[in-house]
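> Encoded as structure tokens, here's the structure I'll be asking about.
Computed from the coordinates by the stated procedures, all read-outs in this text should not be read as laboratory data. A quick note: this is a predicted structure, and the numbers were derived from the prediction, not measured. Here Cβ is always computed from backbone atoms with ideal geometry, including for glycine, and neighbour counts include all displayed protein chains.
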Amino acid sequence: GAAGGGRLVGGGPPRSASAGQATSDPGATPAAPAAIALDKRGGDAWAWEKRLTGVCPGCPPEAPLALRVNGRTTPAERDGDAFAATVRLDPGPNEVVAVATMPDGSEEVSAPVVYEVQLQPRPTARLVARVEGDRIVFDASGSTPSDYDAAPIRSWRVEPRDGNPAALDLAQQAAGVFAAAIPSADGEYYAAVTVEDAAGRFDDAAAYVVVEAGVARAPDPVHERAAWIAPAVVYGVVPRNFDPPGFVGVTARLDDLRDLGISALWFSPITRTPPGLFGYEVIDYFDTNPTYGTKEEFKTLVDAAHARDLRVLMDFVPNHTSVEHPYARDADAFGEASASWDFYDRDAGGTPTHYFDWFHLPNLNFANPEVRRFMMEAMTFWARDLGVDGFRVDAVWGIQQRRPEWLTDFLVEMNRIKPDSLLIAEASARDPFWTEQGFDAAYDWTDQLGQWAWGDALGGIAPIGEAMVAALTDDGRGYHPDAPVMRFLNNNDTGARFVTTYGLDFSKTALAMLLTLPGLPCLYTGDEVGAEFQPYETAGPIDWSDPNDLRPYVKELIALRRATPALHGRRWLPLAVEPAAPCFAYLRSADDPTAAPVVVVLNFSASDLEASVTLPVDSGLARGGTLIDLLTGETVTLPTGDGFSTPLLGWGVRVLAYDLDRA
């Protein structure tokens, strides 16, 4: 069920089971009935058990108090007039009343409230991969029953996933345990399990092994990135800027995006938001923005993307909701009597906290286990039910500050479901926390939230090579050795497009730099056609006409990156180059030491020039011979010394590799 969809029931005076009955002493003044009441009004619940409280002023000390849920009675603990009990809830609506049993046997009954449990009972599939001798083993025997009713698991079905490098002939060894011989072909081998419990409910999970040079190993799925990510290029999709706007327009461009060489689509927020807003102001985490289309249309889009070998990522907002979310509105209207009052992080005065000037975006309270479950269910819903392949997690630094443990749980859960998912933290990759947690990438920011690391470097404050080295190395302090950095020229927060600020020629050279540096490069809606707009201000289709014929150039750069191991490896080394002011040069090396290195030389000026590049002795290139430009096919003679010279046109780019045919 959709978040916020539950009934909010309550109010009215308590009812008495003895109303209208005569007292035992007709001449006595009747005692005022006990006013038993629950503290909360009811609403959505994200737990199978809930601690409920209330008061019963006037209840005799000897009067037992209890809570009835759907007719089941749970004794309450008393502390004077206050009482509390932990009650068991069922899926869907749960009517709750508090009951005081008076000394004469009569009952005082509170006004009912209704808690709508948003959880669906299901088992939890768990699949663990391991290597035993000459066999690969996929073990699902650790799958667990539903935390609602503990219905036992009655079947396990483990099968190879499509797309493995070779056939994986799995045979059952024991209940939930399947094995196959180690295949001879290298690569990642995935299997998926579906478990069913005695109530006929299902859950899925996956796991994988890696075969390298015929040797198999079971990776840590949280901290090891799937192989598809290294050469990947991500594309930010703003559905309202497609033509027509929404899922239909994006679907119509899938062939174009696949032809461009894109690996994964990162959708700006598509969950329901107040009309006219960009999407970070969520009012329903389980439904789509109706201006984009329905969940069914989004699922059709996801399936169509998968058919083209495109992954789908969602921009998701777990840190806060909109003030218009039903939970926030109910808490605002009813204060501490609202069941969602404790869903929000609050200051000492009870006011919801927020960051910056985001008064309209109250922070969720991750100290509340129901909020933690709510957000876990919300995010994994899109992966389990809609087929989403990962997330860009918005304002995740806020959760890091308030409840970092939840992020650990989230990463474990997502990798249980999809160990090849791509999970991007909207936070600076300079903080080792994100790598250590297991995020697959974080942003190319400085230590200041939202500040693009390349901004000053490209502004001409210093020689561009020197400035870019400072930006790419955190001013020489370096990054975590496994830090994956998502690099970009544009995204939702960068305002005017890069081409608007710097011009077309500068943009083409910067695109070449973006797509030849290490990290996870991200293009954004319209980058490949030089579209000029501002994402937060432009609500309709952009100009997709490509007036400057930019797309073929971008396509060539992406193809080169994906086809050249050195360009999607993690190793790079800045090179001394003259003239230094407009030029930037670097050596790129593959993670595989047997693959050929590549030299990239960029001219960030309009002037034609002769670039002189110094190579380190151990570069693998400083040994004479010929370099070939992988973009143009032109050759450069490599002297036997420690460097070489090459002509560069204004705004020119060289991507040079050792020409083995002329060695």
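> Could you tell me the largest-minus-smallest coordinate of the C-alpha atoms of the stretch 128-219 on each of the three principal axes, in descending order and whole angstroms?
46, 24, 21
> Same structure, new question: With no solvent and one point per C-alpha, what does the Debye sum give as log10 I(q)/I(0) for the stretch 252-371 at q = 0.09, 0.10 Å⁻¹?
Taken in order of the listed q values, log10 I(q)/I(0) reads -0.34, -0.40.
> For the stretch 591-612, list residues with backbone N below 19 Å from a point placed 7 Å from the Cα of Arg217 toward its Cβ?
Once the point is set 7 Å along Cα→Cβ of Arg217, 591-595 turn out to lie under 19 Å by backbone N, inside the stretch 591-612.
> Gain in length, Ala559 to Asp608, computed as 0.36 nm per residue apart minus the alpha-carbon separation, to one decimal in nm?
Numbers: separation 49, 0.36 × 49 = 17.64 nm, distance 2.64 nm.
Here the segment from Ala559 to Asp608 would lengthen by 15.0 nm.
> Along the Cα-to-Cβ line of Ala307, 7 Å from the Cα, sits a label point; which residues in the stretch 244-259 have backbone N less than 20 Å from it?
244, 246-259
> Suppose every Lys and Arg Cβ carries +1 and every Asp and Glu Cβ carries -1, with no other charges. What dipole size does the chain come out with about its Cα centre, to the nearest 20 debye? Provide the component values of the computation, followed by the final result.
On the way: 53 positive and 92 negative charges, 141 e Å.
Its charge dipole is roughly 680 debye.
> So, one more: Using the beta-carbon distance between Arg154 and Ala181 and R0 = 30 Å, what value does 1/(1 + (r/R0)^6) give for FRET efficiency, to the nearest 0.05? Present the calculation step by step, with values, prior to reporting the outcome.
Values: r = 29 Å, r/R0 = 0.95.
Result of the calculation: an efficiency of 0.55.
> Lysine pairs in the chain 8 or more apart or on different chains: how many have alpha carbons under 22 angstrom apart?
Values: Lys40/Lys50; Lys295/Lys418; Lys299/Lys418; Lys508/Lys555.
So the count works out to 4.
> Please work through the chain and write down the cysteines that have no neighbouring cysteine Cβ at a distance under 4.7 Å.
Taking the Cβ cut-off of 4.7 Å, the unpaired cysteines of the chain are Cys522, Cys583.
> For the stretch 320-451, with only Lys/Arg (+1) and Asp/Glu (-1) charged at the beta-carbon, what is the dipole magnitude about the Cα centre, in debye rounded to 20? Could you put the intermediate results ahead of the total?
Numbers: 11 positive and 23 negative charges, 37 e Å.
With Lys and Arg at +1 and Asp and Glu at -1, about 180 debye.
> Which listed residue (Tyr479, Gly276, Leu127) has the Cα farthest towards the positive end of the charge dipole for the chain, taking +1 on Lys and Arg C-beta and -1 on Asp and Glu C-beta about the Cα centre?
Result: Leu127, furthest along the dipole toward the positive end.
> Between Thr500 and Ala596, what is the label-point separation in nm under the 7 Å Cα-to-beta-carbon projection?
Going from the Ala596 label point to the Thr500 one covers 4.2 nm.
> Nearest 10 degrees, 0 to 90: what angle lies between the long axis of helix 551-563 and the longest principal axis of the chain (Cα atoms)?
In the chain, helix 551-563 runs at an angle near 90 degrees to the longest axis.
> Another question, then. Rounded to the nearest 0.05, what FRET efficiency is calculated for Asn70 and Glu324 with R0 set to 51 Å and r the Cβ-Cβ distance?
On the way: r = 32 Å, r/R0 = 0.62.
Plugging the Cβ-Cβ distance into 1/(1 + (r/R0)^6) gives 0.95.
> Cβ neighbours within 10 Å, averaged per peptide: list 374-381, 36-43 in order, most packed at the top.
Working: 374-381: 19.5, 36-43: 22.1.
Top to bottom by mean Cβ count within 10 Å: 36-43, 374-381.
> Using a 10 Å cut-off on Cβ atoms, rank the peptides 475-486, 527-538, 415-426 from the highest mean neighbour count down. Working shown, then result.
On the way: 475-486: 15.1, 527-538: 18.2, 415-426: 23.4.
Descending packing order for the listed peptides: 415-426, 527-538, 475-486.
> Along each principal axis of its Cα atoms, how long is the chain end to end? Whole angstroms, biggest number first, please.
Sorted largest first, the three principal extents are 118, 58, 45 Å.
> Could you tell me which of Phe178, Gly620, Ala216 has its Cα farthest along the dipole of the chain towards the positive end, charges placed at Cβ (Lys, Arg +1; Asp, Glu -1), taken about the Cα centre?
It is Phe178, whose Cα lies furthest towards the positive end.
> What length, rounded to one decimal in nm, is gained on full extension from Gln401 through to Phe433, with 0.36 nm per residue of separation minus their alpha-carbon distance?
Values: separation 32, 0.36 × 32 = 11.52 nm, distance 1.14 nm.
Going from the current span to full extension adds 10.4 nm.
> Rounding to the nearest 10 and keeping the result within 0 to 90°, find how far the Cα-based axis of helix 295-307 lies from the longest principal axis of the chain.
Roughly 30 degrees between the two axes.
> Within 10 Å, count the other beta carbons around each residue, average over each peptide in 577-589, 215-227, 386-398, and list them highest first.
Working: 577-589: 20.3, 215-227: 16.3, 386-398: 23.2.
In decreasing order of mean packing, 577-589, 215-227, 386-398 become 386-398, 577-589, 215-227.
> What nm distance separates the two modelled labels at Asp456 and Asp243, each placed 7 Å from Cα along Cα→Cβ?
According to this spin-label approximation, the distance is 4.1 nm.
> Set Lys and Arg Cβ to +1 and Asp and Glu Cβ to -1, take the dipole of the chain about its Cα centre, and tell me which of Ala45, Ser645, Thr446 lies farthest positive.
Ala45
> Multiply the residue gap between Tyr355 and Asp543 by 0.36 nm, knock off their C-alpha separation, and tell me the result in nm, one decimal place.
On the way: separation 188, 0.36 × 188 = 67.68 nm, distance 3.44 nm.
So the chain would gain 64.2 nm between Tyr355 and Asp543.
> In addition: Using only the alpha-carbon atoms, how far is helix 369-386 inclined from the longest principal axis of the chain? Give it as 0 to 90 degrees, nearest 10.
Result, in degrees: 50.
> I would also like to ask the following. Label 7 Å along Cα→Cβ of Asp204; the stretch 136-174 residues with amide nitrogen under 16 Å?
156-164
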